[in-house]
């Protein structure tokens, strides 16, 4: 039976507010949102989650979770997006620790979803920065992905999955399909997911839009491997797209020259598209929450989050267009 998705918020968009203030605002201004996705480390900011205290003190952890639940919210996922495969050992170790601590905290809280990224290693021994090995037709990238897979990726994710299995057997590690990581499309994700049933996908349509992928086809193919979802849109500037394509390096500025930009939900794809996406996730995936991730550089978070929540919550009448505070790019 289809499962009606709950609407959540990636709280990073309001990271300057204390978490109680975020919940106060949601209660009064955005009641459609019932779930929270909270950052726990690596690149994700931790102002809404004091990891050392929550891990060390059961009473502090219980009080923190109790306040969230008492207000009618649920922790849908913890988010530790980062790069545990980084060639800088200090960064890799810090992000690996954040990911393992997040798994441990999720087990203690009874949260069965974490959001992460697959990471990106060096391209060759001696590299000090990650190398994204897409575009393998160039001589210096040829077979780079295979080398990364054999030398770093496979061993790390197999080991991490074994740790997760011992620590929190019911967990799904939901990886964002994101360019710049070793799992960014269906082929690369399926290769990684083959290592463990605990590895799932977090579907953020915005990443698929700007890679030219079909979100519906991706969800249909991955089906039960989809464990979580984000809601974020993309707007395309057709004139600049014709000149500079989807791989333009200048996001998010200057706006008049950007071929594409992340945008408020409803700006690039109307309410009918988003409700179709929700219905497909409910029918075929294992996601329980679609979490609004506000990254529109031209709309204040308060406005964008409100607009996204209302669009996702209210099924539009046939033939009506969605409203949004974002001005479409021409």
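The values are calculated or read from the model by the stated rules, or taken from the named source; none is laboratory data. The structure displayed is predicted, hence computed values, not measured ones. In this analysis, Cβ positions are derived from the backbone assuming ideal geometry, glycine residues included, and neighbour counts consider all displayed protein chains.
Go through the range 97-119 residue by residue and tally those that are without any contact (Cβ under 8 Å) to a residue 60 or more places away in the chain, under 18 Å from the mean Cα position of the chain (by Cα) and over 17 Å from residue 68 (Cα atoms). Residues in the range 97-119 being without any contact (Cβ under 8 Å) to a residue 60 or more places away in the chain, under 18 Å from the mean Cα position of the chain (by Cα) and over 17 Å from residue 68 (Cα atoms): 1 in total.
Okay, residues lined up against (1) farther than 12 Å from residue 168 by Cα; (2) crowded, with 23+ Cβ neighbours inside 10 Å:
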| residue | (1), (2) |
| --- | --- |
| 74 | yes, no |
| 80 | yes, yes |
| 90 | yes, no |
| 93 | yes, no |
| 101 | no, no |
| 106 | no, yes |
| 112 | no, no |
| 117 | yes, yes |
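So which residues in the range 223-241 are assigned to a strand (DSSP E or B) and crowded, with 21+ Cβ neighbours inside 10 Å, if there are any at all? Those that are assigned to a strand (DSSP E or B) and crowded, with 21+ Cβ neighbours inside 10 Å: 226, 227, 228, 229, 230, 231, 233, 235.
When the range 13-49 is filtered for residues that are surrounded by 15 or more Cβ atoms within 10 Å (Cβ to Cβ) and without any contact (Cβ under 8 Å) to a residue 12 or more places away in the chain, the ones remaining, listed by number, are 17, 46.
Residue by residue, here is whether (1) touching a helix residue (DSSP H, G or I) at 6+ places or on another chain (Cβ under 7 Å); (2) closer than 25 Å to residue 87 by Cα; (3) in a strand (DSSP E or B); (4) in contact (Cβ under 8 Å) with a residue 12 or more places away in the chain holds:
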| site | (1), (2), (3), (4) |
| --- | --- |
| 135 | no, yes, no, no |
| 165 | no, no, no, yes |
| 179 | yes, yes, no, yes |
| 192 | yes, yes, no, yes |
| 208 | yes, no, no, yes |
| 221 | yes, no, no, yes |
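Residue 204 satisfies every condition listed in (1) exposed (fewer than 15 other Cβ atoms within 10 Å of the Cβ); (2) within 14 Å of the chain's Cα centre (by Cα) except (1).
In the range 211-218, the count of residues that are at pLDDT 95 or above and in contact with a strand residue (DSSP E or B) (Cβ under 9 Å, 6 or more places away or on another chain) is one or more. Apart from one condition, residue 76 fits all of (1) in contact with a strand residue (DSSP E or B) (Cβ under 6 Å, 6 or more places away or on another chain); (2) within 28 Å of residue 148 (Cβ to Cβ); (3) touching a residue at least 60 places away in the same chain (Cβ under 8 Å); the exception is (2).
Residues in the range 266-305 that are more than 22 Å from residue 74 (Cβ to Cβ) and touching a strand residue (DSSP E or B) at 6+ places or on another chain (Cβ under 7 Å): 7 in all.
Residues being within 19 Å of residue 115 (Cβ to Cβ), in contact (Cβ under 8 Å) with a residue 12 or more places away in the chain and not in a helix (DSSP H, G or I) are entirely absent from the range 53-64. Confirm whether residue 181 is under 15 Å from the mean Cα position of the chain (by Cα), closer than 28 Å to residue 305 by Cβ, at pLDDT 95 or above and surrounded by fewer than 22 Cβ atoms within 10 Å (Cβ to Cβ). Taking the combined requirement at face value, the residue does not satisfy it.
With the requirement that a residue be buried (at least 21 other Cβ atoms within 10 Å of the Cβ) and over 22 Å from residue 113 (Cα atoms), what does the range 286-298 give you? Once the filter is applied, which keeps residues that are buried (at least 21 other Cβ atoms within 10 Å of the Cβ) and over 22 Å from residue 113 (Cα atoms), the range 286-298 yields only 296.
Kindly evaluate residue 161 against the criterion of being under 21 Å from residue 96 (Cβ atoms) and part of a helix (DSSP H, G or I). Yes: the conditions hold for residue 161. Consider the range 6-45 and keep the residues that are farther than 15 Å from residue 71 by Cα and part of a helix (DSSP H, G or I). The one that is farthest from the chain's Cα centre (by Cα) is 14. Residue count for the range 243-279, restricted to those that are within 26 Å of residue 135 (Cβ to Cβ), touching a residue at least 40 places away in the same chain (Cβ under 8 Å) and touching a helix residue (DSSP H, G or I) at 6+ places or on another chain (Cβ under 6 Å): 2.
For the range 146-159, state whether one or more residues are out of contact with any strand residue (DSSP E or B) (no Cβ under 8 Å at 6 or more places or on another chain), under 19 Å from residue 44 (Cα atoms) and touching a residue at least 40 places away in the same chain (Cβ under 8 Å). No.
Screening residue 283 against (1) part of a loop (DSSP other than H, G, I, E, B); (2) surrounded by fewer than 21 Cβ atoms within 10 Å (Cβ to Cβ); (3) in contact (Cβ under 8 Å) with a residue 12 or more places away in the chain leaves a single unmet condition, (1).
Against the definition (at pLDDT below 95 and either touching a helix residue (DSSP H, G or I) at 6+ places or on another chain (Cβ under 9 Å) or on the phi > 0 side of the Ramachandran plot (or both)), how does residue 29 come out, yes or no? Considered against the rule, which asks whether it is at pLDDT below 95 and either touching a helix residue (DSSP H, G or I) at 6+ places or on another chain (Cβ under 9 Å) or on the phi > 0 side of the Ramachandran plot (or both), residue 29 comes out as no.
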